[in-house]
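Please read the structure below before turning to the comments.
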Amino acid sequence: MDYLNRLRMERPVLFFVVLLVGFWVAFQLVLFLVALVIGPFGLPSWAPIALVLAGLVIVARRQQR
């Protein structure tokens, strides 16, 4: 964590690029895993995206409380 704090202070652009790429890779991985689990049920192709976004909304609402 100290490395990330130092990177954020010394090179903020690089820090935010790394952070953005990390979030993108994590989102793609979660999307792939959800598609892998619900794939055999024959749901439409937009179902994994809807489930992941619904999960993110539930997490965000719980954090507001």
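The values are calculated or read from the model by the stated rules, or taken from the named source; none is laboratory data. Computed from a predicted model, the values in this text were never measured in an experiment. With ideal geometry, Cβ positions are generated from the backbone for all residues, glycine too; neighbour counts draw on all protein chains shown. Only protein heavy atoms, including side chains, enter the accessible area calculation; ligands, DNA and RNA are left aside. Shrake-Rupley method; radii C 1.70, N 1.55, O 1.52, S 1.80 Å.
Couple of notes before you dig in:
- Residues within region 37-55 that are in contact with a helix residue (DSSP H, G or I) (Cβ under 9 Å, 6 or more places away or on another chain) and part of a helix (DSSP H, G or I), tallied: 10
- Looking at Val13, Val18, just one residue is closer than 28 Å to Asp2 by Cα, in contact with a helix residue (DSSP H, G or I) (Cβ under 8 Å, 6 or more places away or on another chain) and open to solvent by 70 Å² or more (accessible area, probe 1.4 Å), and that residue is Val18.
- Of all residues in region 25-52, those that are within 21 Å of Tyr3 (Cα to Cα) and open to solvent by 80 Å² or more (accessible area, probe 1.4 Å) total 1.
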